[in-house]
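Visitor: Let me give you the structure first, and then I'll get to my questions.
The numbers here are math on the coordinates, done by the rules we state, and not lab data. Computed from a predicted model, the values in this text were never measured in an experiment. For neighbour counting, all protein chains shown are included, and Cβ atoms are generated from backbone atoms with ideal geometry for every residue, glycine included.
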DNA sequence: GATACGTGGCT
DNA sequence: TAGCCAAGTAT
């Protein structure tokens, strides 16, 4: 019966977590915690920001890189913007990296200690409802309701919540708060997330292995895969544009520039591109090139963003320019150190491929 | 509440 | 393949 046995759900999950917690680079294992070992709030914060809408597998190498280069929040705060954007390149949602730096500098400027409550963490840039609660629970054991996508799924199944997301969030948060224990709140939040990631998965959940299946409304009804109910997303429109990869004849350096500080790929590097227009009026030809050259079409790059599909026509030229341009020439062996998003790396790879 | 904002893996 | 999904936040 949904809603019954809250204490049992909580204790079953904690016991399950003691045995089955995933080992993750940023995590303090439950037995360590019992022995009095507490995670470093800086590492918890960094991992949580990286994990926003991003898979564990993708985050691991970035987390290792960041914590090696910048072991403490003061180190990160002192880093140059371009250096951090380059280190973040490929991870996506680049506003996170800009907010990460702003947050590191704010924390560093006020002594270097992260605020110890969810309410005050929430005031920092890039830290919203989820991340503030996660840091407070994991780093300080504050008994606050942590609600991420995993937990939305687990809770909506446990209680058969059929109101579609995101409208169901308030109800889900309330249920999560009721399950959250006064002690081990951090382990409980991580237990719920691990359950969602490994057992209570979006498709083909492994209910037979679930430690709380006999308290689950959806399991008893045989409808686990019907939850959570989500509002349907609108189709992605198509956009088109062009990218121009100029290679300097003397040394093969490539012309790059920096994108505007906000908006798509804000603050990241690129070979010059046109605006990305709707298909009707997209400029894809070399008339939109940043300077005169013998531009040859290298091919097309297809890339899908969260809310649209993009096809860029990639142009290549061996050319120099005497014009003063807002950008720089970058040696090819050092391209991987630049803040180039995946889309731009695709364009460069296509244009610079040996025929 | 709705929309903008990346990328890669899986089915 | 095209669509869905992943430890969301800012506006």
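Visitor: In chain A, what % of DSSP beta bridges are antiparallel (nearest 5)?
Guide: Beta bridges within chain A, antiparallel portion: roughly 60 percent.
Visitor: Related question: Could you check how many percent of all C-alpha pairs in region A:238-352 are farther apart than 19 Å? Before the final figure, lay out the partial values.
Guide: Values: 2714 of 6555 pairs.
Of all Cα-Cα distances in region A:238-352, 41 percent exceed 19 Å.
Visitor: Now a separate question. How long are the three semi-axes of the equivalent ellipsoid of chain A, in whole Å, if each is the root of 5 times an eigenvalue of the C-alpha gyration tensor, listed from largest down? Could you put the intermediate results ahead of the total?
Guide: On the way: eigenvalues 401, 125, 51 Å².
Largest first, chain A gives 45, 25, 16 Å.
Visitor: Taking region A:1-133 as the region of interest, what is the percent of Cα-Cα pairs per 5 angstrom bin, listed from the shortest bin to the one with the maximum distance?
Guide: All Cα pairs, binned at 5 Å, distribute as 2, 9, 17, 20, 19, 14, 8, 6, 3, 1, 0, 0 percent.
Visitor: Compute a Gaussian network model of chain A, connecting alpha carbons closer than 10 Å, and tell me which residue from A:264, A:344, A:193 fluctuates the most.
Guide: Checking each option, the largest mean-square fluctuation is seen for A:264.
Visitor: Something else: Using a Förster radius of 35 Å, what is the FRET efficiency between residue A:225 and residue A:74 based on their Cβ-Cβ separation? Nearest 0.05, please.
Guide: On the way: r = 47 Å, r/R0 = 1.35.
E(calc), rounded to 0.05, equals 0.15.
Visitor: Any idea what the relative contact order of region A:79-211 is, in percent, if you count C-alpha pairs under 8 Å spaced at least 6 apart?
Guide: Rounded, it is 19 percent for region A:79-211.
Visitor: Among A:272, A:260, A:341, which one shows the biggest mean-square fluctuation in a GNM of chain A, springs joining Cα atoms closer than 10 Å?
Guide: Evaluated over chain A, the most mobile residue of the options is A:260.
Visitor: Using a Gaussian network model of chain A with C-alpha springs under 10 Å, which one of A:124, A:312, A:335 is most mobile by mean-square fluctuation?
Guide: Most flexible of the set in this elastic network: A:335.
Visitor: Restricting to DSSP H runs of at least four residues, report the calculated mean residue ellipticity at 222 nm for chain A, -39500 (n - 2.57) per run over all residues, nearest 500 deg cm²/dmol.
Guide: Value at 222 nm, helices only, nearest 500: -11500 deg cm²/dmol.
Visitor: Multiply the residue separation of residue A:22 and residue A:251 by 0.36 nm, subtract the distance between their alpha-carbon atoms, and state the gained length in nm to one decimal.
Guide: The span from residue A:22 to residue A:251 would gain 77.6 nm if fully extended.
Visitor: Provide the FRET efficiency to the nearest 0.05 for the residue A:264-residue A:123 pair, computing r from the beta carbons and using R0 = 22 Å.
Guide: On the way: r = 27 Å, r/R0 = 1.23.
Efficiency for this residue pair is about 0.25.
Visitor: In degrees, nearest 10, range 0 to 90: what is the angle between the Cα axis of helix A:95-109 and the longest Cα principal axis of chain A?
Guide: 70 degrees
Visitor: Take residue A:106 and residue A:81, extend 7 Å from each Cα along the Cα→Cβ direction, and tell me the distance between the two endpoints in nm.
Guide: It works out to 1.7 nm between the two label points.
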